[in-house]
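The values are calculated or read from the model by the stated rules, or taken from the named source; none is laboratory data. The shown structure was predicted, so the numbers you read here are calculated from the model rather than taken from an experiment. Cβ coordinates were reconstructed from backbone atoms using ideal geometry, including for glycine residues, and neighbour counts include every protein chain displayed. Note: areas computed on protein heavy atoms with side chains; ligands, DNA, RNA excluded. Shrake-Rupley method; radii C 1.70, N 1.55, O 1.52, S 1.80 Å.
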Amino acid sequence: MQIHESAEDYLENILMLTEEKGTVRSIDIVNKMNFSKPSVSVAMKHLREEGKITMDESGFIMLTPLGKEIAERIYARHKLFTKFLIAAGVDPEVAVEEACHIEHDMSQDTFEKLERFINEHRLID
């Protein structure tokens with residue numbers, strides 16, 4: 001399944017906001033991602049049309065099963081890469097930023113092998 005990096009970022013942030021706040025509206029995404037309201041509105045429209053989110057009449061955004069699957073995959077990568085980079089001595093703020101780049105460019109097969117290697121060798125907690 002091919003999905004653009006920006007869509008992955010939106011879905012990941014919706015998942016994180018849902019975990020943090022319980023409910024998510026477009027303004028929450030605007031504030032978290034520092035994007036303009038129109039940009040977020042257009043992105044939410046595309047994600048709705050692609051079946052990755054739903055939005056109720058009150059403006060609350062929810063991930064569909066497809067959207068949640070993508071978000072969880074990206075978020076798992078983000079967490080693993082962030083921990084790994086910090087363990088390697090990278091400044092935590094830099095590690096978070098770098099993990100955002102790495103998480104999108106690696107195939108699922110490579111990620112699974114790297115994750116298994118890291119876990120087998122107990123390279124991170």
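Select from ILE53, HIS4, MET33 the residue farthest towards the positive end of the dipole of the chain; place +1 on Cβ of Lys and Arg, -1 on Cβ of Asp and Glu, and compute about the Cα centre.
It is ILE53.
With a 1.4 Å probe and all protein chains left in place, how much of the accessible area of the chain comes from carbon and sulfur atoms, in whole percent?
52 percent
Multiply the residue separation of ARG116 and LYS37 by 0.36 nm, subtract the distance between their alpha-carbon atoms, and state the gained length in nm to one decimal.
24.5 nm
Hey, got a sec? Which GluC sites (Glu not before Pro) in region 23-77 land in a DSSP loop and have at most 11 other Cβ atoms within 10 Å?
Qualifying residues, ordered by number: GLU57.
Find out how many positive minus negative residues lie around GLY89, taking Lys and Arg as positive, Asp and Glu as negative, among other residues whose Cβ is under 13 Å from that of GLY89.
Taking every Cβ under 13 Å from that of GLY89, the sum is -1.
Can you list residues from other chains, or at least 5 along the same chain, whose modelled amide H is less than 5 Å from the amide H of VAL24?
ILE61
At 0.36 nm per residue, and after removing the present C-alpha to C-alpha distance, how many nm does the segment from ASP125 to MET106 gain when stretched out fully?
Once the chain is fully extended between ASP125 and MET106, it gains 4.7 nm.
Out of (i) 22, 17, 12; (ii) 28, 16, 12; (iii) 24, 15, 12, which label holds the value of semi-axes √(5λ) of the Cα gyration tensor in Å that was computed here?
Step by step, semi-axes √(5λ) of the Cα gyration tensor in Å for this structure corresponds to label (ii).
Per DSSP H run of at least 4 residues, take -39500 (n - 2.57); add these up for the chain, divide by its residues and hand me the 222 nm value, nearest 500 deg cm²/dmol.
-23000 deg cm²/dmol
Could the peptides 61-68, 108-115, 82-89 be put in order, highest first, of the mean number of other beta-carbon atoms found within 10 Å of their residues?
Highest mean packing first, the order is 61-68, 82-89, 108-115.
Only Lys, Arg, Asp and Glu count, each charged at its Cβ (+1, +1, -1, -1), so figure out the dipole size of region 79-121 about its Cα centre, rounded to 20 debye.
In total the dipole reaches around 180 debye.
Which value, in debye to the nearest 20, describes the size of the charge dipole of the chain about its Cα centre when Lys and Arg Cβ atoms bear +1, Asp and Glu Cβ atoms bear -1, and nothing else is charged?
I would put it at about 240 debye.
Once each part is reduced to its C-alpha centroid, what is the distance from region 61-125 to region 23-42 in angstrom?
If we compute the Cα centre of each part, the gap is 23 Å.
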